[in-house]
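The values are calculated or read from the model by the stated rules, or taken from the named source; none is laboratory data. Please read these numbers as outputs of a predicted model, since none were measured by experiment. Because the Cβ atoms are built from the backbone with ideal geometry, glycine has one as well, and the counts that use them run over all protein chains shown. Ligands, DNA and RNA are stripped out before the accessible areas are found, and what is left, the full protein with its side chains, is counted by its heavy atoms. Shrake-Rupley method; radii C 1.70, N 1.55, O 1.52, S 1.80 Å.
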Amino acid sequence: MLLLCSTFSFAQVSKTEPPFWYAGMHNPELQVMFYGKNIAQYNPAVSNGIVIKNVVKTENPNYVFVTIDTKNVKPSEIEFSFKNSKGKTVFKRPYSIKKRRENSAIRESFDSSDVIYLLMPDRFANGNTANDNHKETTEKADRNNNFGRHGGDIEGIINNLDYIEELGATAIWSTPLCEDNDSRGSYHGYAQSDVYRIDPRYGSNEDYLKLSAELKKRDMKLIMDYVTNHWGSEHWMYKDLPTYDWVHQFPGYAQSNYRMTTQFDPNASDIDTKYCLDGWFVSSMPDLNQSNPLVLTYLIQNAIWWIEYADLDGFRVDTYSYNDKEGIAKWTKAITDEYPYFNIVGEVWMHDQAQMAYWQKDSKIAAIQSYNSYLPSVMDFTLHDAVGSVFNESNPSWNDGMIKVYDNFTNDFLYPDINNVLVFLENHDTGRFNEIYKNDFNKYKLGMALIATVRGIPQIYYGSEIGMAGDKGKGDGDIRRDFPGGWPGDANNAFSKSGRNAGQQKYFEFTSKLLNWRKGKEVIHNGKTTHYLPENNVYVYFRYNDKETVMVAINNSDKAQTLGTARFDESIKNYTSGKNVLDDKNVNLSKEISMEPKSVMILELQ
């Protein structure tokens with residue numbers, strides 16, 4: 001007995017991942033990773049007649065990867081045992097196979113009927129000041145440090161869900177909430193140090209489940225920001241790698257060249273392609289090797305575990321096009337095989353529609369190279385490029401003014417599923433829209449009306465709806481400012497009408513009216529589009545289906561404009577008037593429409 005206890009301490013399992021699993025999954029094979037000092041000297045077995053399909057022991061004796069067949073295994077408690085060379089059980093490890101939620105596999109996801117609210121939890125609201133610092137994490141809260149942690153958390157999000165719902169958003173995308181134990185800049189969450197644990201400065205895993213449940217009560221959705229390309233250098237596994245090639249090594253660190261075109265460029269050199277894919281995003285983020293089957297399975301299972309555990313409604317995948325091309329396709333397909341309606345939007349930050357469309361599922365462009373990413377949705381970065389300058393271009397030329405926006409949509413034919421493209425004015429990595437346009441409220445209205453009424457899924461960035469700005473030239477911290485009212489003692493609480501100042505209320509009222517109107521408009525969610533070449537910097541387009549038509553007119557000129565309606569007869573048809581949803585006024589369509597400078601009309605045709 002004394003010998004058994006001594007051996008147990010020598011080979012104690014300090015990590016088991018996934019920590020538990022679920023019965024009835026589409027793919028019945030489960031790879032369980034056991035980590036402990038010299039654990040590879042023992043041979044695993046499992047109870048309940050479960051078949052072990054494979055055991056992998058790597059060059060690191062502290063790891064064992066055990067693949068079991070869970071087909072027909074009911075929700076139950078099973079047990080792994082570890083035997084020495086003589087067949088004697090040295091120690092055991094209990095393991096749970098849990099019951100899935102009803103209809104888990106066919107869960108619905110976010111789509112073009114939604115408006116996504118992107119927030120950075122550290123900068124949104126501090127609901128629990130007691131967790132601002134934690135004994136198991138390095139960086140401490142310092143609200144005076146733009147690049148430091150400020151103390152926002154999951155409880156702060158939950159406390160302000162009514163605000164987000166009132167705004168008209170229907171889904172939340174939070175930047176990563178898993179543990180990031182970097183010594184500085186850990187607030188952004190993209191250098192994760194444990195992908196099965198919510199960062200304790202945000203709360204607990206149970207708090208994340210509570211957030212998901214609270215959203216479900218409001219018929220709202222939770223989108224996890226998932227990172228497949230890299231971890232942080234403080235990740236516990238990076239400090240004791242299972243295999244040398246778990247991460248890309250040169251040896252050690254080499255910088256990515258960020259040239260994602262090498263992924264499909266038929267003329268690209270091998271070395272340029274290697275440095276794009278295998279180079280690290282930054283020196284503190286080791287680049288994961290998705291071509292290693294153990295890594296790929298680990299990432300697939302971690303993603304599926306979070307979907308089941310936290311009842312997720314979608315993923316946004318960071319730096320999607322930096323991943324191993326074949327590996328990320330397998331990762332994506334494995335998830336959508338388990339959940340056929342689960343939406344995943346990938347960050348493909350490129351500046352050419354064909355190059356972005358390449359990454360959407362069933363792309364005919366990618367098919368030329370016999371490639372399919374299986375990625376349901378991509379982000380419309382070319383539209384973002386256009387809206388970042390167009391509203392300052394009051395005197396249009398052949399290439400300037402609203403023609404930029406028009407031209408973006410002329411390439412919609414490149415996308416296999418144009419309604420499943422994410423449209424946005426800004427996000428946590430870009431310049432702030434209100435900063436670019438110096439808080440010109442009229443220009444804000446033009447931009448917000450545009451993304452709320454074109455094809456695709458609109459995403460807004462926290463605080464823009466109250467006029468928040470921030471100068472990217474001062475560093476990313478400035479475009480990630482604290483939401484006013486999110487911290488005890490804040491002088492200005494923009495979460496409530498009574499706490500908002502007149503300027504904030506003006507922004508909020510416009511945005512809320514627009515987004516709540518959009519909620520019930522199938523013609524906007526899934527309707528077709530007809531648009532007209534801009535004239536005098538006025539862009540007109542129609543969204544229509546068999547039941548109704550909406551006319552949108554954006555006057556980007558700094559002069560009043562008059563629109564002759566005869567030009568739009570093919571879209572107006574027998575309609576005689578339109579109700580402007582922004583001010584509830586009726587507009588006669590029989591002859592001409594007058595528009596103020598820098599103004600927008602959204603007309604429900606009658």
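Brief remarks on what is shown
- Strands (runs of 3 or more DSSP E) completely within region 503-606 that count 2 or more residues being of a type in the set (Val, Ile, Thr): 528-535, 538-544, 549-555, 599-605
- Given (1) of a type in the set (D, E, K, R); (2) open to solvent by 10 Å² or more (accessible area, probe 1.4 Å); (3) part of a loop (DSSP other than H, G, I, E, B), number of the condition residue 77 does not satisfy: (3)
- Among the criteria (1) touching a strand residue (DSSP E or B) at 6+ places or on another chain (Cβ under 7 Å); (2) among the hydroxyl-bearing types (Ser, Thr, Tyr); (3) without any contact (Cβ under 8 Å) to a residue 60 or more places away in the chain, the one residue 576 does not fulfil is (1).
- Among the residues of region 23-48, those that are farther than 30 Å from residue 103 by Cα, open to solvent by less than 30 Å² (accessible area, probe 1.4 Å) and in a strand (DSSP E or B) comprise 34, 36, 44, 45.
- Members of region 318-354 that are assigned to a helix (DSSP H, G or I) and among the hydrophobic types (A, V, I, L, M, F, W, C): 328, 329, 331, 334, 335, 354
- Those residues of region 444-483 which are more than 16 Å from residue 383 (Cα to Cα) and among the β-branched types (Val, Ile, Thr), in sequence order: 466, 479
- Complete set of residues in region 186-216 that are open to solvent by 30 Å² or more (accessible area, probe 1.4 Å) and out of contact with any helix residue (DSSP H, G or I) (no Cβ under 9 Å at 6 or more places or on another chain): 206, 213, 216
- Among the residues of region 85-119, just one is under 30 Å from residue 464 (Cα atoms) and open to solvent by 100 Å² or more (accessible area, probe 1.4 Å), namely 108.
- For region 401-417, the set of residues classified as open to solvent by 10 Å² or more (accessible area, probe 1.4 Å) and either in contact with a strand residue (DSSP E or B) (Cβ under 8 Å, 6 or more places away or on another chain) or under 22 Å from residue 446 (Cβ atoms) (or both) consists of 403, 404, 406, 407, 409, 410, 411, 412, 415, 417, listed by residue number.
- Tally of residues being closer than 20 Å to residue 98 by Cβ, in a helix (DSSP H, G or I) and not β-branched (Val, Ile, Thr) across region 298-317: 9
- Figure legend. Inter-residue proximity from region 490-518: first residues within 12 Å of residue 449 (Cα to Cα) and in contact (Cβ under 8 Å) with a residue 24 or more places away in the chain, second residues part of a helix (DSSP H, G or I) and β-branched (Val, Ile, Thr), beta-carbon distance below 8 Å, spacing 6+ or different chains. Indicated pairs: 518/453; 518/524.
- Complete set of residues in region 419-430 that are touching a strand residue (DSSP E or B) at 6+ places or on another chain (Cβ under 9 Å) and either of a type in the set (A, V, I, L, M) or open to solvent by 10 Å² or more (accessible area, probe 1.4 Å) (or both): 419, 420, 421, 422, 423, 425
- Test: residue 77 is without any contact (Cβ under 8 Å) to a residue 60 or more places away in the chain and farther than 21 Å from residue 195 by Cα: yes
- Listed by position, the helices (runs of 4 or more DSSP H) enclosed by region 361-440 that each have at least 1 residues that are closer than 25 Å to residue 511 by Cβ and among the hydrophobic types (A, V, I, L, M, F, W, C) are 381-387, 403-410, 433-436.
- Filtered residue count, region 545-564, keeping only those that are open to solvent by less than 10 Å² (accessible area, probe 1.4 Å) and either closer than 15 Å to residue 396 by Cβ or without any contact (Cβ under 8 Å) to a residue 40 or more places away in the chain (or both): 4
- Filtered by the rule that a residue be closer than 17 Å to residue 148 by Cα, of a type in the set (A, V, I, L, M) and open to solvent by 40 Å² or more (accessible area, probe 1.4 Å), region 461-517 gives no residues.
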